[in-house]
Amino acid sequence: MSEPPAPLPETNTHCPYCALQCGTRLRGDLDTGVKVQPTFFPVNRGRLCQKGWTATEVLTAADRLTRPLVRGSDGRLKEASWDTALDTVAEGLRTIRTEHGPDGTAVFGGGGLTNEKAYLLGKFARLALRTSQIDYNGRFCMSSAAAAGNAAFGVDRGLPFPVTDLRGAQTVLLAGANVAETMPPLMQHLEQARLIVIDPRRTPTARRAALHLQPAPGTDLALALGLLHVAVVDGLTDQDYVRERTHGFGAAAQRAMAWWPERVEEITGVPAGAQRRAVRMLAEAPSAYVLTSRGVEQHSDGTDTVAAFINLALSLGLPGRPGNGYGCLTGQGNGQGGREHGQKADQLPGYRSLSDPWARAHVARVWSVAPEDLPGPGRSAYELLDALGGERGPRALLVFGSNPAVSAPHSAHVTERLVSLDLLVVADFVPSETARMADVVLPVTQWAEEEGTLTNLEGRVLRRRALLPPPAEIRSELEVLHDLAVRLGEPANRYPTDPRQVFEELRATSRGGRADYSGISYKRLDAGEVLHWPCPDTPGPHPGTPRLFLDRFAHPDGRARFADVDFWGPAEETSSAHPLYATTGRVLAHYQSGAQTRRVAELTEAVPEPFVEVHPDTAARWGLADRDLATISSARGSMTARVRLDPTMRLDTVFVPFHFPHERRANLFTHPALDPRSGMPEFKVCAVRITPLPGVTS
Ligand code: SF4
């Protein structure tokens, strides 16, 4: 009798894409094919979206990077050994440091990196490179919500409650969140709720809403002020809550008095009656939530806009009251953890401030260096990219887990800056558009080949587990950082390559910080414990904190802060040359810059190219028909996309998804105006014109 076949390997892990971090079970190997099944993890309860179902295809992408590449004297990238590639990088970094100082080198990380990678990347930048120039693409994702949340509550955690709490909600206001397309499994938690959706487009989420408010792009702040006005004037505020749990209501309410609904209607286009109805729906529901997302955050006034929605939630007494709340729907897979552990320009691990002497002293002690050895805060993401290769800017850039050539605003300019560098190094597992521009490309592991942790949108720390061994020539980012650091003269034991060891150090470094992970361990996570931060290391195991703010907010006096904010309008208004608003966003089939999802056949078949959504009357006015190729141009640049007529679009607005490369990058036309507090670019509104593509007939 022949031996029964060996059982196929299998493991429980999480989807590699968005911050919902749906639970999955992987089974198989590269010979038999890797299969994915959803688990009954609380956020997805047995469901996945199209991206999650097809995620394993990226593991066998035909152009998977399998060997380091170094650009030769003929200008072409050629395969090289790891020693050659790493020696080339180290030599280049040493030369640039001698000629331009430590800030001559910059680091650009990603919100998809595990906690361990994000942590070690920040440590590497600040100790091995001694550079202040580190930031990451999460800056483009929810930095405005983070700034507003910190100011209001004293801490920033996307959702300060588990997703499953939403199941009991009667009313949920979704401001700039297209959940049905970007996080479909989340919709099952909203089935019982009456939805109020604020979005310039009639998205799949808006179609399910009891009330859709459709403001002009860039006017969300005026709308939020108007909603607070209604709450105050109609006597719908929770006065006891406001008095006992908050500060600053008077100034915020006074500011809102200038934003009566009819004035707001003139600016936003949202009928005054609909504004009043929305506030009543929230105020009269025993269980209500206000949730914000990229639509209101990705503006040059994004922080103030989120603050204005938090003002509304506070005035109604929602945050920190059981069965009610305010939260922000984080975007990237580790958007939450990625901004807590040190790859952000102004932060140290544990969500500590790089400008806080106590925080510097604590982290320096764990790292066995002097506090003065730690550089200060650096430039925010777009400012950093804008400075590359300039007179006072960095001359070298190391990119980990990001594709800024596609995802950054004003991307033709960013591409020029990347080209001007003396040294561009990209660590990735596929040849992204940024990797193709690099002098050295370092091939690294991807999700199903690695161990680590991520922190989902609820602040819950999750285990990523390996199903497969990585291809022979592939190294993890932890190994790459270790190998580079050693070449730069750092002690080898300062840069562990085992994720468990890195996590143990992260626990110590985060101890006492806002995002305290010191009570969390791989052992507890692998035993199935549900652990949301803060989870301090206490004598008896701390249970974690699934719900924040029930007794007090995180400010020293325990009270939340209203913000005194006002509306000024977007950075760029329409004109005769650029008479339409353009807004950008995501589609169900693709993720961020598309570097992964454009390599999945089912997803590229679903959405093979960018499109521009236009109202039929607007299209006719500019000489366009359905499926024509159109040029969308702003003062900064142009891109091409296929026309999709949609009678639910506003007449003054077009929409373009941003997942596509080269001349089809939506970010060729986006505006790089930055929010002064968060550094968030204004992805969601700019002025454009739309014309038929010359020489092309439909
Ligand atoms: Fe993955 Fe997000 Fe889709 Fe869930 S919703 S399957 S985490 S992309």
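The values are calculated or read from the model by the stated rules, or taken from the named source; none is laboratory data. All values reported here derive from a predicted model rather than from experimental measurement. Using ideal geometry, Cβ is built from the backbone for each residue, glycine included, and neighbour counts are taken over all protein chains shown. Just the protein is used for accessible areas: all its heavy atoms, side chains included, with ligands, DNA and RNA removed. Shrake-Rupley method; radii C 1.70, N 1.55, O 1.52, S 1.80 Å.
Of the candidates A527, A571, A563, the single residue that is open to solvent by 40 Å² or more (accessible area, probe 1.4 Å) and farther than 21 Å from A666 by Cβ is A527. Restricting segment 640-698 to residues that are of a type in the set (S, T, Y) and open to solvent by 30 Å² or more (accessible area, probe 1.4 Å) leaves a set whose member that is farthest from L624 (Cα to Cα) is T648. Kindly establish whether A145 is touching a Leu at 6+ places or on another chain (Cβ under 7 Å), among the small types (G, A, S) and touching a residue at least 40 places away in the same chain (Cβ under 8 Å). In short, no. Taken over segment 154-172, residues that are open to solvent by less than 10 Å² (accessible area, probe 1.4 Å), more than 15 Å from A19 (Cα to Cα) and not in a loop (DSSP other than H, G, I, E, B) amount to 3. All of L65, L20, L69 fail the test of being out of contact with any Gly (no Cβ under 6 Å at 6 or more places or on another chain), within 16 Å of the ligand (Cβ to nearest atom) and at negative phi, apart from L20. Checking each residue of segment 301-313 against the condition of being buried (at least 24 other Cβ atoms within 10 Å of the Cβ), touching a residue at least 12 places away in the same chain (Cβ under 8 Å) and not in a helix (DSSP H, G or I) gives at least one match.
Out of the residues in segment 415-438 meeting the condition of being open to solvent by less than 10 Å² (accessible area, probe 1.4 Å) and without any contact (Cβ under 8 Å) to a residue 60 or more places away in the chain, tell me which one is nearest to Y119 (Cα to Cα). Among residues in segment 415-438 that are open to solvent by less than 10 Å² (accessible area, probe 1.4 Å) and without any contact (Cβ under 8 Å) to a residue 60 or more places away in the chain, the one nearest to Y119 (Cα to Cα) is A427. Checking each residue in segment 220-234 for being of a type in the set (A, V, I, L, M) and open to solvent by 10 Å² or more (accessible area, probe 1.4 Å) picks out V232, V233. Could you tell me whether V399 is modelled with pLDDT of 95 or more, crowded, with 23+ Cβ neighbours inside 10 Å and in contact with a Pro (Cβ under 8 Å, 6 or more places away or on another chain)? When the stated conditions are applied, V399 does not pass them.
Per-residue answers, yes or no, for (1) part of a loop (DSSP other than H, G, I, E, B); (2) within 30 Å of A177 (Cβ to Cβ):
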residue: R392; (1), (2): yes, no
residue: L398; (1), (2): no, no
residue: S402; (1), (2): yes, yes
residue: A405; (1), (2): no, yes
residue: P443; (1), (2): no, no
residue: A466; (1), (2): yes, no
residue: E473; (1), (2): yes, no
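Mind counting the residues in segment 43-79 that are more than 30 Å from V179 (Cα to Cα) and either open to solvent by 20 Å² or more (accessible area, probe 1.4 Å) or in contact with a Cys (Cβ under 9 Å, 6 or more places away or on another chain) (or both)? Matching residues across segment 43-79 total 16.
Residues that are more than 16 Å from the ligand (Cβ to nearest atom) and of a type in the set (D, E) do not occur anywhere in segment 52-59.
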